Amino acid sequence: YDQIYRKRFGALFIGSFVIAFRVSSAIIRMNATEVEVGVEFNKTTPLEELPKNEVVLEAFVQAINNTFDVKFLPGSVQII
């Protein structure tokens, strides 16, 4: 997350942290892991200058689709 968001958002992005790992209960026939991650942006940045949730989500989805050899279920990446 840090590499993805630092590259996309620069100094606005502070860091990321793992909240939890869980075995996915939504998928019965596959071994899948859910990861809950928090991302932190600069607290002194005015709200209107922070990236919208959709932009943060899209930056991650684009990066995982174009960079990593990790399988993600379509539509499984969410911002809560």
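Under the condition of being surrounded by 14 or more Cβ atoms within 10 Å (Cβ to Cβ), under 18 Å from VAL77 (Cβ atoms) and over 11 Å from the mean Cα position of the chain (by Cα), the residues counted in the stretch 42-62 number 1. Taking first residues from the stretch 44-62 that are over 14 Å from ALA11 (Cα atoms) and partners that are open to solvent by less than 50 Å² (accessible area, probe 1.4 Å) and not in a helix (DSSP H, G or I), the Cβ contacts under 7 Å between residues at least 6 apart in sequence or on separate chains come to LEU57/VAL77; PHE60/VAL77; VAL61/VAL77. Screening the stretch 1-29 for residues that are open to solvent by less than 30 Å² (accessible area, probe 1.4 Å) and not in a helix (DSSP H, G or I) and picking the one that is modelled with the lowest pLDDT gives SER24.
The values are calculated or read from the model by the stated rules, or taken from the named source; none is laboratory data. No experiment lies behind these values; they were computed from the predicted model shown. Cβ coordinates were reconstructed from backbone atoms using ideal geometry, including for glycine residues, and neighbour counts include every protein chain displayed. Heavy atoms of the whole protein, side chains included, go into the accessibility calculation; ligands, DNA and RNA do not. Shrake-Rupley method; radii C 1.70, N 1.55, O 1.52, S 1.80 Å.
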